[in-house]
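Let me begin by presenting the structure, written as structure tokens, before commenting on it.
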Amino acid sequence: MGNPRKVIVYIAQSVDGFIAKKDDDISWLSIVDAPGEDYGYMEFVESVDTVIMGRRTYEKVLSFGMEFPHKERKTYVLSNSKEGSDENVEYYSGDVKELINNIRTTSGKHIFVDGGAEVIKEFVRQDLIDEYVISTVPILIGDGVRLFKGSDRENKLELVESNSFPTGLVQNRYIVVREEDKQV
């Protein structure tokens, strides 16, 4: 198939592994704001043409009061309570493996899994993630929404890139190592 469309999680977490506080507050992310620094985010989003996120993540993005940042990308919001579409997204309540397989039948760029934790948990459970880009922000939150919720699945990862920044943010990129990848 040439260049397969990778499923990539690109996300930030606290040092203690949370992506949000208990009340879904993510204002702590601003401690690493620096003029002109986006930690590779714009380059990353240029490499994707499809975004998948959970309903709570989508509603959080809308609460920022700015234009939806993925208007030019096909965006699916996984939801058991909403159907159809709105001006930004298509709601999806089916099997995520089927969704990914359907997306991969067409040519295009990579697929961005933009959270939240329940979406990532399901993608991990079904072994759908090919790569993780995890930015660790230098803060301990203590409690909140964990990036990785409990799973009975073990995934071996290979660290392929690590960058540290003057703000204290450390960004690691991992690829998922699968048995079939080793046999090539």
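Quick one: net charge of Leu159's neighbours, Cβ under 14 Å, K/R +1, D/E -1?
Details: positive: Lys156, Arg173; negative: Glu131, Glu158, Glu161.
Local net charge: -1.
Could you tell me which GluC sites (Glu not before Pro) in the range 20-77 are loop residues by DSSP with no more than 15 other beta carbons within 10 angstrom of their beta carbon? Please list the in-between numbers first.
Details: sites: Glu37, Glu43, Glu46, Glu59, Glu67, Glu72; in loops: Glu67, Glu72.
Listed in order of number, the matching sites are Glu67, Glu72.
I'd like the trypsin sites (Lys or Arg not before Pro) in the range 1-62 restricted to DSSP loop residues with at most 12 other Cβ atoms within 10 Å, sorted by number. Write out the running numbers ahead of the final one.
Details: sites: Arg5, Lys6, Lys21, Lys22, Arg55, Arg56, Lys60; in loops: Arg5, Lys6, Lys21, Lys22.
Filter output for the range 1-62: Lys22.
Can you check what the net charge comes to around Val124, using other residues whose Cβ is under 14 Å from the Cβ of Val124 (Lys, Arg +1; Asp, Glu -1)? Working shown, then result.
Details: positive: Lys97, Lys121, Arg125, Arg146, Lys149, Arg153, Lys156, Arg178; negative: Glu118, Glu122, Asp127, Asp130, Glu131, Asp152, Glu154.
Here the count lands on +1.
For a quick check of your reading of the filter: which trypsin sites (Lys or Arg not before Pro) in the range 96-184 sit in a DSSP loop and have no more than 16 other Cβ atoms within 10 Å?
Values: sites: Lys97, Arg104, Lys109, Lys121, Arg125, Arg146, Lys149, Arg153, Lys156, Arg173, Arg178, Lys182; in loops: Lys109, Lys149, Arg153, Arg178.
Counting only loop positions with at most 16 other Cβ atoms within 10 Å, the trypsin sites (Lys or Arg not before Pro) in the range 96-184 are Lys109, Lys149, Arg153, Arg178.
Using θ = phi - 60° and the Karplus form 6.51 cos²θ - 1.76 cosθ + 1.60, what ³J(HN,Hα) does each residue of the range 128-137 get, whole Hz, x for Gly and Pro?
Karplus values, whole Hz, x for Gly and Pro: 9, 8, 9, 8, 10, 10, 10, 9, 9, 8.
Extending each Cα 7 Å along its Cβ direction at Phe68 and Phe44, get the distance between those two points in nm, one decimal.
Calculated label separation equals 2.1 nm.
Picking from Val77, Ile26, Ile175, whose Cα lies most toward the positive end of the charge dipole for the chain (charges on Cβ: Lys, Arg +1; Asp, Glu -1)?
Final value for the positive-end residue is Ile175.
Skipping prolines and chain starts, which residues have an amide H placed within reach, meaning under 5 Å, of the one on Thr136, given they are 5 or more residues away or on another chain?
Close amide H contacts, sequence-distant or interchain: Gln13, Val170, Gln171, Asn172.
In a GNM of the chain with a 10 Å cut-off on Cα contacts, which of Ile31, Ile139, Ile120 has the highest mean-square fluctuation?
Answer for the Gaussian network model of the chain: Ile31.
What number in nm² do you get for the range 77-157 if you take the convex hull of its Cα atoms and divide its surface by four?
Working: hull surface 30.1 nm².
Hull-based average projected area comes out at 7.5 nm².
Charges at C-beta only: +1 for Lys and Arg, -1 for Asp and Glu. How large is the resulting dipole of the range 103-184 about its Cα centre, in Debye rounded to 20? Display every interim value, and only then the final one.
Working: 11 positive and 14 negative charges, 20 e Å.
It comes to approximately 100 debye.
Would you work out the relative contact order for the chain, in percent, from Cα pairs under 8 angstrom that are 6 or more residues apart? Please list the in-between numbers first.
Values: 310 pairs, mean separation 62.0, N = 184.
Reported as a whole number, the value is 34 percent.
Count the net charge of all other residues whose Cβ sits under 15 Å from the Cβ of Ala12, scoring Lys and Arg as +1 and Asp and Glu as -1.
With Lys, Arg at +1 and Asp, Glu at -1, the neighbours total -3.
Size of the dipole of the range 23-102 about the Cα centre, Lys and Arg at +1 and Asp and Glu at -1 on the beta carbon, nothing else charged, in debye to 20?
I would put it at about 280 debye.
Excluding same-chain residues fewer than 8 positions from Lys109, which lysines have a Cα within less than 26 Å of its Cα?
In chain and number order, the partners are Lys6, Lys60, Lys71, Lys74, Lys97, Lys121, Lys156, Lys182.
List the relative contact order of the range 1-89 as a percent without decimals, with contacts defined as Cα pairs under 8 Å and 6+ residues apart.
On the way: 45 pairs, mean separation 19.0, N = 89.
This gives 21 percent for the range 1-89.
Give me the dipole magnitude in Debye, nearest 20, for the chain about the Cα centre, with unit charges on the beta carbon: positive for Lys and Arg, negative for Asp and Glu. It would help to have the intermediate numbers written out before the result.
Details: 23 positive and 33 negative charges, 69 e Å.
For this selection, approximately 320 debye.
Computed from the coordinates by the stated procedures, all read-outs in this text should not be read as laboratory data. Because the structure is a prediction, the values reported are computed rather than measured. Methodologically, a virtual Cβ is constructed for each residue, glycine included, from the backbone with ideal geometry; neighbour enumeration extends over all protein chains shown.
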